[in-house]
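The structure appears below as structure tokens.
A short reminder: the numbers here are calculations on the coordinates, not readings from a lab. These numbers were taken from a predicted model, which means no experiment stands behind them. So basically every Cβ, Gly included, is an ideal-geometry build from the backbone, and we count neighbours across all protein chains shown.
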Amino acid sequence: MQDLKTNIMRGKPLSVANKRWWLLLQVLLWLIGLFIFCCLIWVPTLGILLFWNILIPVAPALLVVALGLWRNICPLATTSLLPRKFNFSSNKIMPVRWQGRLQVLSVIALYALVPLRHALFNTNGLATAILLFCCALIAFGMGLFFDWKSGWCASLCPVHPVEKLYGSNTIASMPNAHCSECVNCSLPCPDSTPQMHPLITRKTFYHQISGLLTIGGLPGFIWGWFHVPDHHSWDGLMAVWNIYKYPLIGLLISLSLYLALQQLLKGPAVKKLIGFYAAAAVSCYYWYRIPALLGYGIFAEDGLLIDLTGYVSETMVTVICVLITCFFFWWLLIRKQREGSWVKRPEYKEK
Ligand code: SF4
């Protein structure tokens, strides 16, 4: 049934004009990424502001509403696909078991790297630039060996678990602006599978573990993360414990609750539970992130974009957060589930 649905979502080949527009957008985003990367090294205050306090806060909402757009223009995806597009990739198909293993690794990378923001990345532009450079290098390396998105975008990218959780009910299926033909490099293809979510693939034990860790763990992890201040000095092992403690406790609590509820529910109710956890995770993010951006954060200086404490009341900020929470719960849980995928599958490659 899933395969049948997947096949229905086939898209027409892009016209030359459309291809050019998408290419222009991809190049533009790649250059913006390069600009932010350079700022992180040479003008770190601006680089940190642009990356951590503007780009990253916009990303979760974009993943929820129009994930296909992001999948088409993400600069790391473009970097990873350079070998494929310029014809020097080995174009190997990654075995399903290995995709599952890499997906577990991507969830672990997500939960390991994000707390390091408090100790290092949030306040150190060069460290953030090195992190991005390493990600770009790995993405490019995976693209050198594996076909289309199987090496990075559909397996190892640490943002991919979040995409799968948030992107189950996007606004529309975009054309696929990367793959010119489908070679079934990823099974199932996260881009072309309708109503994608982290547990849609239970092919191997690894797929199941990565799915459970993403859905069950993310809301608690986000809650815990926002209860840790940025550390401006490094005090050894204690600092490590301090940055991981609350995210880990939050993760374990929400995961345990998810596992217990999953046992009680069956069929479509499990799907609703996944939608509820996705809405809880993204709402929790904005519940803490918006006040922090505007000067009302738990830790005054952390993650500040513009200090509006003298201009906008705290009640007003709380009202905005409540409205945003209502929006995400409506979008992911109440709104009718759309049948489409993030992007339309291109024609299969002729054998
Ligand atoms: S559309 Fe086909 S070629 Fe492109 S990522 Fe999906 S499975 Fe791979």
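Considering all projection directions equally, how large on average is the shadow of the alpha-carbon convex hull of the range 58-208, in square nanometres?
8.7
Please name whichever of 293, 324, 267 sits farthest to the positive end of the charge dipole of the range 2-334, dipole taken about the Cα centre and charges placed at Cβ: Lys and Arg +1, Asp and Glu -1.
It is 267.
How big is the convex hull of the Cα atoms of the range 2-334, per residue, in Å³?
Hull volume over Cα atoms, normalised by residue count, gives 145 Å³.
Can you tally the net charge around residue 59? Count Lys and Arg as +1, Asp and Glu as -1, for every other residue whose Cβ sits under 12 Å from the Cβ of residue 59.
Computed value for this residue: 0.
Output the pairs from 203/266; 19/336; 85/271 with a Cα-Cα distance over 28 Å in this structure; if there are none, say none.
Too far apart for the 28 Å limit: 19/336; 85/271.
What is the local net charge at residue 279, summed over the other residues whose Cβ is closer than 14 Å to its Cβ (Lys, Arg +1; Asp, Glu -1)?
Residues near residue 279 contribute +3 overall.
If I stretch the segment between residue 126 and residue 15 completely, what's the gain in nm (0.36 nm per residue apart, minus their alpha carbon distance), one decimal? Provide the component values of the computation, followed by the final result.
Details: separation 111, 0.36 × 111 = 39.96 nm, distance 4.11 nm.
Once the chain is fully extended between residue 126 and residue 15, it gains 35.8 nm.
Okay, helix-only estimate at 222 nm for the chain: each DSSP H run of n ≥ 4 adds -39500 (n - 2.57), divide by all residues, round to 500 deg cm²/dmol; what do you get?
-20000 deg cm²/dmol
I need the shape label for the range 35-81. Rule: rounded when a/c is under 1.5, else prolate if a/b > b/c, else oblate, with a, b, c from the alpha carbon gyration tensor.
oblate
First measure r as the distance between the Cβ atoms of residue 108 and residue 264, then evaluate 1/(1 + (r/R0)^6) with R0 = 30 Å and state the FRET efficiency to the nearest 0.05.
0.60
For a label point 7 Å from the Cα of residue 28 along Cα→C-beta, name the residues of the range 71-89 whose backbone N is under 19 Å from it.
Flagged as within label range: 71-79.
If one computes the Cα centroid of the range 271-323 and of the range 94-119, what distance in Å separates the two points?
Spelled out, the Cα-based centre of one part sits 26 Å from the other.
Using 0.36 nm times the number of residues separating residue 242 and residue 58, minus their current alpha carbon distance, what extension gain do you get?
Contour length minus Cα-Cα distance gives 63.5 nm.
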